[in-house]
Structures are given as C-alpha cells and as structure tokens.
Amino acid sequence: VMADKAYGKYTLREYIANHNADFCIPPKSNETDPWYCDWVQYKERHWVECFFNRLKEFRRIATRFDKLASRFLAFVQLGCIRILLA
C-alpha cells in the first residue's frame, strides 16, 4: 500500500500489517517515533500521480463525459497512448 503522509496513523498502519500487506507511507516531520520508508519505492508513487495528472488534462476523461464504461476505458487508453507517444 502506497500512500502519502496523511495516511500515516498508527491504526491504519496496523490494519495494513494485520492483513499481511506492506506499506510505504512516509512519517510526518513531527512524528515522535518515525518508521522506515523506502524512498525509492515512494518516488514511483509520485510518477504514477504525475501520469494521472497528465491524463486528466484530457477534458473528456477528467469529466467522465462518456456514460458507458467501455467507451470511457477506450478514451483512457487513447489518452495513455497519446501521452506515451508525446
């Protein structure tokens, strides 16, 4: 589970750990007992967020203009192709 600092509460981290999953959540700067965070893996989350922001530049995708899920998925795929080819 990758999340930002806002999701670093102890209860949420325990919930993730109890369900046999790993988390990559950086601690806040004022945390009294900071935990380990793999910053290389956390940077990958940033790349994904940037890609989604570039994908939302297409108005049709950002506003969910299409009513059918199949058409929406098709335009998301076209948007991804256009971003990757640019």
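Evaluated on the chain, the Kirkwood hydrodynamic radius is 15.4 Å, with distances taken between all distinct Cα atoms.
Evaluate the relative contact order of the chain (contact order divided by residue number), counting alpha-carbon pairs under 8 angstrom at least 6 apart; express in whole percent. Relative contact order here is 19 percent. Legend: calculated FRET efficiency, Lys56 to Phe23, from the Cβ-Cβ distance at R0 = 22 Å, rounded to 0.05, equals 0.30.
Each residue of region 16-27 is assigned a 3J(HN,Hα), and the resulting list reads 5, 5, 5, 9, 6, 10, 9, 10, 10, 10, x, x Hz, derived from the Karplus form 6.51 cos²θ - 1.76 cosθ + 1.60 (θ = phi - 60°), x at Gly and Pro. Summing charges over all other residues whose Cβ lies under 11 Å from the Cβ of Arg64, with Lys and Arg as +1 and Asp and Glu as -1, gives +4.
Here the accessible area of the chain is 57 percent carbon and sulfur, with a 1.4 angstrom probe and all protein chains present. Between Asp38 and Thr63, full extension at 0.36 nm per residue minus the direct alpha carbon distance yields a gain of 5.6 nm. Here the 3J(HN,Hα) profile of region 66-80, calculated from phi with Karplus coefficients 6.51, -1.76 and 1.60 at θ = phi - 60°, is 7, 7, 8, 5, 5, 5, 4, 4, 4, 6, 5, 5, 5, x, 4 Hz, Gly and Pro shown as x.
Taking amide H atoms as placed 1.01 Å from N in the peptide plane, the amide H of Met2 lies under 5 Å from those of Cys24, each 5 or more residues away in sequence or on another chain. Compared with the dominant principal axis of the Cα atoms in the chain, helix 39-55 is inclined by about 30°. Count Lys and Arg as plus one, Asp and Glu as minus one, and take only other residues whose Cβ is under 13 Å from that of Cys80; the net charge is then +2.
The values are calculated or read from the model by the stated rules, or taken from the named source; none is laboratory data. The model shown is predicted, which means the values in this text are computed figures rather than measured ones. A quick note on method: Cβ atoms are made from the backbone with ideal geometry, for glycine too, and the neighbour counts reach across all protein chains shown. Quick note on the areas: whole protein, heavy atoms, side chains included, nothing else; ligands and nucleic acids left out. Shrake-Rupley method; radii C 1.70, N 1.55, O 1.52, S 1.80 Å.
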